[in-house]
Amino acid sequence: MVKKAVIPAAGLGTRFLPATKAQPKEMLPIIDTPSIQYVVQECVDSGIEDILIISGKGKRSIEDHFDRNFELEERIKADEDEVLYTQLRHIENMANIHFIRQKELNGLGDAIRYARYHCGNEPFAVLLGDTIIDSVIPATQQLIDTYEQYKQTIIAVEVVPKEKVSRYGITGGKKISDKLMQIDELVEKPEVDKAPSNLAIAGRYILTPEIFEALDKTSRGKGNEIQLTDALRLLLRHEDILAQTIEGKRYDIGNKLDFIKTTIDFALKRKEFSKPISAYLRNIVKDMDNKV
Ligand code: UTP
């Protein structure tokens, strides 16, 4: 059983400067909800209520967001806004959320190391705090279902255009079903002609405690950081690892263009915004067509 999740959220967010100079990218809202709340909701919807968030310098607002704000609640209660009041109470009661601070930003692999004592001897899910996956069955649930069957480390992957493989961690291996591949190769940001496939690591994992030993043996890689992908490659020498193509749409909100697209897609799905936003978008396109 996978009962714990780790959400690394300590990174600097340099791709989103200047917005992330004094606020965490994980708190950037999609419409009215911080990105990391969608990620926590995915854990909860996947049956996980014990969550460790890897936090760091300048990330206090994440802790505040999941804490109770009594004064604010009393004010909303006095205004008799039942819906908003319920929403606020929901956030503080979503899950048991623990925080640990990554002292130096030595990369995603280093961030995961901070989860060693929290996760102990159990398998755990990892969800990147800057990645939202919109899907019918929560992405983490999809991975847990496979874990229950295979009891192996699982990496969520998605198909990316061939010319973009150099931006991602790429997996290669042997297909064992429509959605599963037994991995035999893992490369961080390969050159286009050296990539073993166009299946990119998609920000969700089920890891076993063996990862911690692999991380201890992993030296600094790309960007002089401890890369999780490098530790997984070490693990691959002793263990089988699966790649699973996730059903759903992935949004990397740490990337400005993806952030804009996420906002538009999520607005189109919200009852109160869907009509006005689609009318607005249609008008923009019409104006552009008229100019051509
Ligand atoms: P990214 O590489 O996307 O985050 O890591 P970053 O370093 O903040 O981004 P840029 O490139 O500077 O814009 C993926 C996730 O891992 C966390 C990040 O917060 C993000 O949610 N992370 C990354 C850590 O927790 N610690 C690290 O040392 C690095």
- Cross-link reach list, lysines versus K3, counting only Cα pairs under 21 Å and skipping chain neighbours closer than eight places: K151
- If you average the sequence gap of Cα pairs under 8 Å that are 6 or more apart and divide by the length of the stretch 2-51, what percent do you get for the contact order? 47
- Note on the structure: the stretch 166-292, Kirkwood Rh and Cα Rg, ratio Rg/Rh at 1.13
- Task: For the stretch 1-104, restrict the atom set to alpha-carbon positions and state the Rg and Dmax in Å.
- Result: 14.6, 45
- Bin all alpha-carbon pair distances of the stretch 204-275 at 5 Å intervals from 0 and give each bin's fraction as a whole percent. 3, 13, 16, 13, 14, 13, 10, 8, 6, 3, 1
- Query: Considering the stretch 79-120, what Rg and Dmax in Å follow from its alpha-carbon atoms?
  - Reply: 16.7, 47
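So if each residue of separation counts as 0.36 nm, and I subtract the Cα-Cα distance between N96 and E71, what length gain in nm does that give?
Full extension from N96 to E71 adds 6.8 nm.
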- Query: How long is the stretch 130-225 along each principal axis, judged by its Cα atoms, biggest number first, in Å?
  - Reply: 33, 33, 29
- Over the chain, what is the percentage of antiparallel beta bridges among all DSSP beta bridges, to the nearest 5? 60
- Applying 1/(1 + (r/R0)^6) with R0 = 22 Å to the Cβ-Cβ distance of M1 and V83, what FRET efficiency is obtained, to the nearest 0.05? 0.05
- Query: the stretch 218-292 to the stretch 136-198: how many Å between their Cα centroids?
  - Reply: 16
- Task: Could you tell me what % of all Cα pairs in the chain have separations over 37 Å?
- Result: 16
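Rounded to whole Å and sorted largest first, what semi-axes of the equivalent ellipsoid does the C-alpha gyration tensor of the stretch 121-180 yield via the square root of 5 times each eigenvalue?
The equivalent ellipsoid of the stretch 121-180 has semi-axes of 21, 16, 12 Å.
Any read-out appearing in this document is the output of simple, stated calculations on the displayed coordinates, not a laboratory observation. Source: prediction; values computed, not measured. Neighbour counts are summed over all protein chains in view; Cβ atoms, including those assigned to glycine, are modelled from backbone coordinates with ideal geometry.
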